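The values are calculated or read from the model by the stated rules, or taken from the named source; none is laboratory data. Keep in mind that what you see is a predicted model, and the values were worked out from it rather than measured. Don't worry about glycine lacking a Cβ; one is built from the backbone with ideal geometry, like all the others, and counts go over all protein chains shown. For the accessible areas, the whole protein counts, side chains as well, though only heavy atoms, and no ligand, DNA or RNA atoms are used. Shrake-Rupley method; radii C 1.70, N 1.55, O 1.52, S 1.80 Å.
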Amino acid sequence: QVQLVESGGGLVQAGGSLRLSCAASGRTFSNYAMGWFHQAPGKEREFVAAIRWSGSNTYYADSVKGRFTISIDNAKNTVYLQMNSLKPEDTAVYYCAAGTTDSLHLGVRDPRRYAYWGQGTQVTVSS
């Protein structure tokens, strides 16, 4: 069974940094892309960043470009989201997701195209 487990969330002051991890297991992910999404209370789940399992391509929401970096450690089957210069508006539950590269073609930002999801980890940024 495919399992995605996020960790690393917490409370941080505005301008600070946090590193989220997503441990993936249950299958070979060589033909997958991994994504990070976040969801604030009362809001829709929004795309944050994505990366091919190979690490060859990365994608970012405009709101996080230059501040967040997505990366992957294939040996550890782990995807990371390094979040710098955090803002109060980044406060949300952050979810890790996995989808095949075929299903994500031209739709990397669409959560409906991701087949597997983690349980989420809370990130709170104080002003």
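Which residue fluctuates the most in the chain, going by a Gaussian network model with Cα springs under 10 Å, if the choices are Pro111, Pro41, Pro88?
Pro41
Only loop residues by DSSP count here, and only those with at most 14 other Cβ atoms within 10 Å; note down the GluC sites (Glu not before Pro) in the stretch 37-127 that meet that.
Glu44
Could you check which residue among Tyr95, Tyr59, Tyr80 shows the biggest mean-square fluctuation in a GNM of the chain with a 10 Å Cα cutoff?
Tyr59
I need the calculated FRET efficiency for the pair Ala40 and Ala115, taking r as the beta carbon distance and R₀ as 30 Å, to the nearest 0.05.
After rounding, the FRET efficiency stands at 0.80.
What spacing in nm lies between the two simple spin-label points modelled at Ala61 and Ser17, each 7 Å away from Cα in the Cβ direction?
2.2 nm
Could you run the Karplus curve 6.51 cos²θ - 1.76 cosθ + 1.60 with θ = phi - 60° over the stretch 98-103 and give me ³J(HN,Hα) per residue in whole Hz, x for Gly and Pro?
Each residue's phi maps through the Karplus curve to give 9, x, 5, 5, 5, 5 Hz.
Between Ala49, Ala97, Ala14, find the one with the highest GNM mean-square fluctuation for the chain; connect C-alpha pairs within less than 10 Å.
Answer for the Gaussian network model of the chain: Ala14.
Between Ser85 and Ser25, what length in nm is gained on full extension when 0.36 nm per residue of separation is reduced by their alpha carbon distance?
Residue separation times 0.36 nm, minus the Cα-Cα distance, leaves 18.6 nm.
Between Ser127 and Val5, what length comes free when the chain is fully extended (0.36 nm per residue of separation minus the Cα-Cα distance, one decimal in nm)?
Between Ser127 and Val5, full extension yields 41.1 nm more.
Can you give me the % of accessible surface on the chain that is carbon or sulfur? Probe 1.4 Å, all protein chains present, nothing else counted.
Of all accessible area on the chain, carbon and sulfur atoms account for 45 percent.
Residues of the chain: accessible area per residue at 1.4 Å, in Å²?
52 Å²
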